[in-house]
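Undergrad: Here it is, the structure in full.
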Amino acid sequence: MLKKMLAGAALALGLAGAAEAGQTFDAVKARGVLNCGVNVGVAGFSLPDSQGVWRGMDADLCRGLAAAVFGDPAKVRFVPLTAVQRFTALQSGEIDVLIRQTTLTMTRDTSLGLRMVAANLYDGHGFMVRKDAGVTEPKGMDGMTICLSPGTTNELVTTDWFRTNNLRFTPLLQERMQDNATALQSGRCDAIGTDATQLAALRSQFTNPANFVILPERFSKEPYGPVVRRDDQEWFDVVRWTLSALIQAEELGVTSRNLEQMRGSPNPDIRRLLGVDPVLGNSLKLDPAWAVNAIKAIGNYGELFERNLGPQTPIGLERGLNRLWTDGGLMYSWPMR
């Protein structure tokens with residue numbers, strides 16, 4: 001009897017594994033284009049330029065993933081989504097992956113039929129206020145009207161913080177962060193509550209950015225990362241290890257400019273990453289040059305950050321926690337061997 005029970009359990013597990021193998025991955029490959037969910041428009045992350053081309057860190061990560069899968073970063077369809085729309089679009093199959101400033105949390109990972117993949121940016125909740133309000137710390141925001149996006153962790157963090165500190169605020173809820181930015185500039189709200197990188201991105205687009213102050217305090221841990229459905233472990237692996245490849249490339253000194261030179265390196269880690277030894281690509285059922293294609297398309301992690309968010313951009317962010325672990329940050333690639 002025990003043997004029959006064990007055999008039945010093994011068969012059930014085998015069938016479950018077969019049912020979950022390759023559904024999204026195979027659909028993406030057969031379609032020949034990646035459907036990637038992004039924000040409707042935040043500078044530095046995903047925002048169409050004057051030619052209608054999507055620019056920003058999240059948009060580039062979509063391109064990098066397309067390059068890893070197809071060898072062509074152009075084989076991506078950008079699907080702009082609000083915070084309310086994003087998870088439904090992924091659950092329904094409208095998109096293959098969500099790369100949209102989404103905080104990785106336990107409840108999202110365990111209750112939505114989704115998988116949080118890995119962090120591509122570490123952030124924290126903050127507030128931006130009008131400079132003429134004279135507010136230097138969040139406790140001076142008592143009684144303010146605060147613009148927030150519904151369905152976000154920021155709405156919850158703001159509510160919890162004000163309640164904990166016995167302070168009052170009036171929420172003005174709008175799905176689009178650009179609408180919140182317009183409301184702050186016009187005086188409909190006194191502050192915006194969201195992650196600090198988004199605040200910096202919004203301010204960079206203001207008519208008079210010097211008139212607004214981002215308060216220095218942070219009130220939460222907000223690790224952003226890609227999200228996929230729980231229907232395909234193979235697809236989860238492709239997304240996770242493509243991101244990891246960008247981080248390891250920076251760790252190893254591999255850039256979009258020195259790829260060909262570095263392929264001649266005797267370093268085993270570099271040879272595996274760049275497909276000279278094809279073991280990594282084979283394990284993902286991808287071309288041996290999958291990581292080369294991604295790095296060539298968008299650069300390593302450091303290049304990606306500096307181009308879209310760094311000090312030389314209008315966003316003007318220091319890397320902070322997003323530095324490599326060897327430089328005091330949190331960015332750390334799992335061993336790729």
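The values are calculated or read from the model by the stated rules, or taken from the named source; none is laboratory data. Here the structure is a predicted model, which means the values were calculated and not measured. With ideal geometry, Cβ positions are generated from the backbone for all residues, glycine too; neighbour counts draw on all protein chains shown. Accessible surface areas use protein heavy atoms only, side chains included; no ligands, DNA or RNA. Shrake-Rupley method; radii C 1.70, N 1.55, O 1.52, S 1.80 Å.
Undergrad: Every residue in the range 279-299 that is open to solvent by 60 Å² or more (accessible area, probe 1.4 Å) and farther than 17 Å from Asp72 by Cβ, please.
TA: Step one: list which residues in the range 279-299 are open to solvent by 60 Å² or more (accessible area, probe 1.4 Å), which gives 279, 282-283, 285, 287, 296.
Listed by number, the residues that qualify are Val279, Asn282, Ser283, Lys285.
Undergrad: For residues that are over 12 Å from Met128 (Cβ atoms) and open to solvent by 40 Å² or more (accessible area, probe 1.4 Å), tally how many sit in the range 173-213.
TA: 13
Undergrad: Can you pull out every residue in the range 143-169 that is open to solvent by 20 Å² or more (accessible area, probe 1.4 Å), over 22 Å from Thr182 (Cα atoms) and over 27 Å from the mean Cα position of the chain (by Cα)?
TA: Arg163, Thr164, Asn165, Asn166, Leu167, Arg168
Undergrad: Could you give me the residue pairs with C-beta distances under 7 Å whose first residue belongs to the range 73-90 and is of a type in the set (Ser, Thr, Tyr), whose second residue is open to solvent by 60 Å² or more (accessible area, probe 1.4 Å) wherever it lies, and which are 6+ apart or on separate chains?
TA: Close Cβ pairs (under 7 Å, with a partner that is open to solvent by 60 Å² or more (accessible area, probe 1.4 Å)) amount to Thr82/Glu175; Thr82/Arg176.
Undergrad: Assess whether Asp26 counts as being open to solvent by 40 Å² or more (accessible area, probe 1.4 Å), charged (D, E, K, R), within 28 Å of Gly281 (Cα to Cα) and not in a helix (DSSP H, G or I).
TA: Working: open to solvent by 40 Å² or more (accessible area, probe 1.4 Å): yes; charged (D, E, K, R): yes; within 28 Å of Gly281 (Cα to Cα): yes; not in a helix (DSSP H, G or I): no.
Against the criterion (open to solvent by 40 Å² or more (accessible area, probe 1.4 Å), charged (D, E, K, R), within 28 Å of Gly281 (Cα to Cα) and not in a helix (DSSP H, G or I)), Asp26 does not qualify.
Undergrad: Just wondering, is there one or more residues in the range 255-278 that are open to solvent by 50 Å² or more (accessible area, probe 1.4 Å), hydroxyl-bearing (Ser, Thr, Tyr) and either in a loop (DSSP other than H, G, I, E, B) or in contact (Cβ under 8 Å) with a residue 40 or more places away in the chain (or both)?
TA: No, the range 255-278 contains no residue that is open to solvent by 50 Å² or more (accessible area, probe 1.4 Å), hydroxyl-bearing (Ser, Thr, Tyr) and either in a loop (DSSP other than H, G, I, E, B) or in contact (Cβ under 8 Å) with a residue 40 or more places away in the chain (or both).
Undergrad: For the range 113-142, how many residues meet the condition of being of a type outside the set (Ser, Thr, Tyr), open to solvent by 40 Å² or more (accessible area, probe 1.4 Å) and part of a strand (DSSP E or B)?
TA: 2
Undergrad: With the checklist (1) at pLDDT below 95; (2) surrounded by 22 or more Cβ atoms within 10 Å (Cβ to Cβ); (3) out of contact with any helix residue (DSSP H, G or I) (no Cβ under 7 Å at 6 or more places or on another chain); (4) not acidic (Asp, Glu) in hand, flag the one item Thr313 doesn't pass.
TA: Among (1) at pLDDT below 95; (2) surrounded by 22 or more Cβ atoms within 10 Å (Cβ to Cβ); (3) out of contact with any helix residue (DSSP H, G or I) (no Cβ under 7 Å at 6 or more places or on another chain); (4) not acidic (Asp, Glu), Thr313 violates only (2).
Undergrad: Within the range 300-309, is there a residue that is surrounded by fewer than 17 Cβ atoms within 10 Å (Cβ to Cβ), free of Cβ contacts under 8 Å to residues at least 24 places away in the same chain and more than 17 Å from the chain's Cα centre (by Cα)?
TA: Going through the range 300-309, the residues surrounded by fewer than 17 Cβ atoms within 10 Å (Cβ to Cβ) turn out to be 306.
Restricting the remaining residues to those that are free of Cβ contacts under 8 Å to residues at least 24 places away in the same chain gives 306.
Then drop every residue that is not more than 17 Å from the chain's Cα centre (by Cα), which leaves none.
No, the range 300-309 contains no residue that is surrounded by fewer than 17 Cβ atoms within 10 Å (Cβ to Cβ), free of Cβ contacts under 8 Å to residues at least 24 places away in the same chain and more than 17 Å from the chain's Cα centre (by Cα).
Undergrad: Restricting attention to the range 87-112, which residues are under 20 Å from Tyr122 (Cβ atoms) and part of a helix (DSSP H, G or I)?
TA: Met106, Thr107, Arg108, Asp109
Undergrad: Only one of (1) open to solvent by 50 Å² or more (accessible area, probe 1.4 Å); (2) in contact with a helix residue (DSSP H, G or I) (Cβ under 6 Å, 6 or more places away or on another chain); (3) of a type outside the set (S, T, N, Q); (4) within 19 Å of Thr197 (Cβ to Cβ) fails for Tyr332. Which number is that?
TA: Of (1) open to solvent by 50 Å² or more (accessible area, probe 1.4 Å); (2) in contact with a helix residue (DSSP H, G or I) (Cβ under 6 Å, 6 or more places away or on another chain); (3) of a type outside the set (S, T, N, Q); (4) within 19 Å of Thr197 (Cβ to Cβ), only one is false for Tyr332: (4).
Undergrad: Follow-up. Just need a number here: residues in the range 151-170 that are outside any helix (DSSP H, G or I) and over 24 Å from Ser204 (Cβ atoms).
TA: Keep residues of the range 151-170 that are outside any helix (DSSP H, G or I), which gives 151-152, 165-170.
Next, from what is left, pick out any that are over 24 Å from Ser204 (Cβ atoms): 151, 165-170.
Total satisfying the criteria: 7.
Undergrad: Tally up the residues in the range 171-229 that are over 30 Å from Gly113 (Cα atoms), β-branched (Val, Ile, Thr) and in a strand (DSSP E or B), please.
TA: Residues in the range 171-229 being over 30 Å from Gly113 (Cα atoms), β-branched (Val, Ile, Thr) and in a strand (DSSP E or B): 3 in total.
Undergrad: Somewhere in the range 70-79, is a residue of a type outside the set (A, V, I, L, M), open to solvent by less than 20 Å² (accessible area, probe 1.4 Å) and in a loop (DSSP other than H, G, I, E, B)?
TA: No, the range 70-79 has no match at all.
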